[in-house]
């Protein structure tokens, strides 16, 4: 029915209801709609009884990556497995381009399924918002390109999203890794411009729901030199964000914390990318007078590809992940940690597959089982 609503929306603008050419279109639309197959077998769309997450660590989370999962039963099964693993938090990506394909026309069919099932499984949802639709950017530009003249258009989407989901979504992340040229539309890197975008989104989100937590940052950890036009050091970028007033237009800071080849306990160092670099971010908040601004680790973890230079052995990945969850549990200024990534809808056939906890076929990897054991064993002792 989403297709039908969209077609009425478009034709209703271009054709008068009394026009004789409209009715053949309507007949074809109705016929096409009736012939559409069901997206999944009967019964699998049911939400089921309300669940809750039993866990030893209430800060455990995962990035679920259901963005391109089209089958509702697979969405439901993914979220069931998250709950069964013992993680109360999820981060999920809701692309602006998917949900507002034409100006003012919103399609919430996919996000409704994800958020409804997540809530029914007792999971707390953090929504990552980004990706510019074609109508809001120049031809041939990247989907991460967003000109300042379009910030209000993005604000429209943010407000509509927050209005629809209310308290069913705890927090929203504004954009993703804007300190990378790839994620900033290959424009010159611009912490001040990103802060303007964050401010526009903050105002619109709060107008829709004063309780929603607006998270800024989501910066890629990088040691890029000052001369680079492809990336900016995350600590430098964050400092310039605060200079531009970002601390007043966010309720929390989204942080990406990858360990690469280093153990979870490896000490923080401004010249090293490791998991505890997050502590340097927190120190920067203290220095800038934002000691009470909480940190949400919305991406992070380790990879165990056998040949990738930034990967570790599978046993090391398990040990590091469990230790990282324990570290975050001990950090009073950290709200949660989401491991990237729980499952992909299909295999990437690259090193990216070695970030996941569950295969596309829902087979749990050893790391899933060990995280589940960690949550259950420790919980049983409390």
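Structure notes:
- Here 94, 262 are placed in order of increasing Cβ neighbour count within 10 Å, fewest first, which gives 262, 94.
- Relative exposure of 243, 190, 292, judged by other C-beta atoms within 10 Å (fewest first): 292, 243, 190
- Rounded tilt (10° steps) of 191-208 against the dominant C-alpha axis of the chain: 60
- Among 53-60, 80-87, the peptide with the highest mean count of other Cβ atoms within 10 Å heads the list, and the full ranking is 80-87, 53-60.
- Within the chain, DSSP assigns beta bridges of which about 10% are antiparallel (rounded to the nearest 5).
- Helix 2-14 and the longest principal axis of the C-alpha atoms of the chain enclose an angle of approximately 60°.
- Full extension of the segment from residue 352 to residue 287, taken as 0.36 nm per residue of separation minus the current Cα-Cα distance, would add 19.8 nm.
- FRET efficiency, 1/(1 + (r/R0)^6) with R0 25 Å, evaluated for residue 168 and residue 70 via beta carbons: 0.70
- For residue 236 and residue 308, the FRET efficiency from 1/(1 + (r/R0)^6), where r spans their Cβ atoms and R0 equals 35 Å, is about 0.80.
- Region 187-261: projected area of the alpha-carbon convex hull, averaged over directions, in nm²: 5.7
- Residue exposure sequence - 242, 355 - by fewest surrounding Cβ within 10 Å: 242, 355
- Rounded to the nearest 0.05, the FRET efficiency derived from the C-beta distance between residue 211 and residue 152 at R0 = 25 Å is 0.60.
- Using alpha-carbon coordinates, inclination of helix 72-85 to the longest axis of the chain, degrees: 20
- Kirkwood Rh, angstrom, the chain [1 / mean 1/r, Cα pairs]: 22.0
Bear in mind that the values in this text are calculations on the coordinates, not laboratory data. Being a predicted model, the structure only gives us computed values, none of them experimental. Virtual Cβ from ideal backbone geometry, glycine too; neighbours counted across all protein chains shown.
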